[in-house]
Amino acid sequence: MTIGIIWALVAGLMLGLYALPGKFTKDFKEENTWGLFFMLTMFVVPIIATLVIMKGAGEIYATEDVRVVLPKMVATSVLWGIGVMMWGKAIHHIGMSLGFSIFIGTVILVGSLLPFFVDGLPPSNVFTAIVAGLSLVLIGIVANGKAGMTREKDKAGEAEDGKKSMAAGIMIAVAGGLLATGFSFANAVGRPPLHAASIAQGNPEWVTALAVMLPIFLSGGVIMAGYFAWQLTSKKAWGSFKTPSFGKNFVLIFIMAFFHYAASAVFAYAAFKLGSVGNTVGYAIFNTACVVTAIVSGLVVGEWKGASAKARNLLYAGLACMVAGILIISYSNKMAASTPEPAETTQLIQP
């Protein structure tokens, strides 16, 4: 159990920091950086990792049980890709702080509860602890969103956004968060048969994470690749790839892609190691650790310099709630580990 929590935290740390190298690219427009990033992280890195590390890839995906769940994985992964794109649109309407908080809050709440529809409900005491932890996390995210809005008002005065734009942005963020939980569902429904098929080919158990991530990333990547191809064309940004800094930029963006993919793969492994409620507990810890890491790194690099005491106090209160929520959710996994599971549920989670 402890190993699973540690790996979930590591995954969240990696996801919270993966975009940092992008700050050091030169002569690239935003569309160039993110278009190349999604091409590498959704296609190049997963395919290379799968072919180099996983034995018997063709046999694994040809297994009958795997073929049954692949359409579900593909469909929900496409929804995940659409959700991530909608997140970007929401940020355009309501800003990073509020857009991030609403989107991730929706992802954590729905994505953490969604696996129960696949795996079944845990014992009532475990479920109560999970809900209590999630509630604290969500309170923390709301506080962080308010802190971000307060900071923006501190900088921009009392300038008002249009009510129509704000309402549209909030609805887009919530809808995007709901669609993005397709990642959690795809992992929950695909991991058991893919684990069995991977083990049958002589792979160690951690390789299952690679087997799960490949169809998720390829499916979601189709949406993201199409979106950024359109963005590069409409913004006339293709020519920005022709720069003397391309080699340096490619290395930096490849590092981003590697950490982004590795974070998701590590989460999948953490969910397996966490056992019967691993999809829920792991997903909550993973996303919460990501948010905490992103906020702390923002503090370190000076993003909150000059913010009012009110904004900072909201931020610190939000961080405290999120950390407390993680601790409660982690404890719920310990409770689940000590509670006997029905044979049918245990078989579904750890074949």
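The values are calculated or read from the model by the stated rules, or taken from the named source; none is laboratory data. Please read these numbers as outputs of a predicted model, since none were measured by experiment. Here Cβ is always computed from backbone atoms with ideal geometry, including for glycine, and neighbour counts include all displayed protein chains. Surface accessibility is based on the protein's heavy atoms, side chains included, excluding ligands, DNA and RNA. Shrake-Rupley method; radii C 1.70, N 1.55, O 1.52, S 1.80 Å.
What to note about this one:
- Apolar share of the accessible surface for the chain: 70 percent from carbon plus sulfur atoms, 1.4 Å probe.
- Heavy-atom accessible area order for Trp7, Trp80, largest first, 1.4 Å probe: Trp7, Trp80
- Neighbours of Phe38 by Cβ distance under 14 Å: Lys/Arg scored +1, Asp/Glu scored -1, total -2.
- Accessible-area order (highest first, 1.4 angstrom probe) of the listed residues Val300, Val222: Val300, Val222
- Diagonalising the gyration tensor over the Cα atoms of the range 177-261 and scaling each eigenvalue by 5 before taking the square root yields semi-axes of 33, 18, 9 Å, largest first.
- A 1.4 Å probe, protein heavy atoms only, puts the accessible area of Glu30 near 130 Å².
- Charged side chains reduced to their Cβ positions (Lys and Arg at +1, Asp and Glu at -1) give the chain a dipole of some 980 debye around its Cα centre.
- At 0.692 mPa s and 37 °C, Stokes D of the chain from Kirkwood alpha-carbon radius, µm² per second: 158
- Among the listed pairs Lys29/Lys153; Lys89/Lys310; Lys29/Lys55; Lys23/Lys236; Lys55/Lys236; Lys146/Lys273, those beyond 31 Å (Cα-Cα): Lys29/Lys55; Lys55/Lys236; Lys146/Lys273
- Modelled this way, with points 7 Å down the Cα-to-C-beta line, the labels at Lys236 and Lys26 are 2.5 nm from one another.
- Accessible surface, per residue, of the chain when the full set of protein chains is kept, probe 1.4 Å, Å²: 44
- Largest accessible area first, the residues Val174, Val137 order themselves as Val174, Val137 under a 1.4 Å probe with ligands, DNA and RNA left out.
- Of the DSSP H helices in the chain, those whose Cα atoms cover at least 24 Å axially and whose Kyte score averages 0.0 or more: 64-94, 96-113, 124-156, 163-180, 182-200, 208-234, 246-273, 278-300, 309-337
- Computed packing ranks the peptides 71-79, 237-245 as 71-79, 237-245, most packed first, by mean other Cβ atoms within 10 Å.
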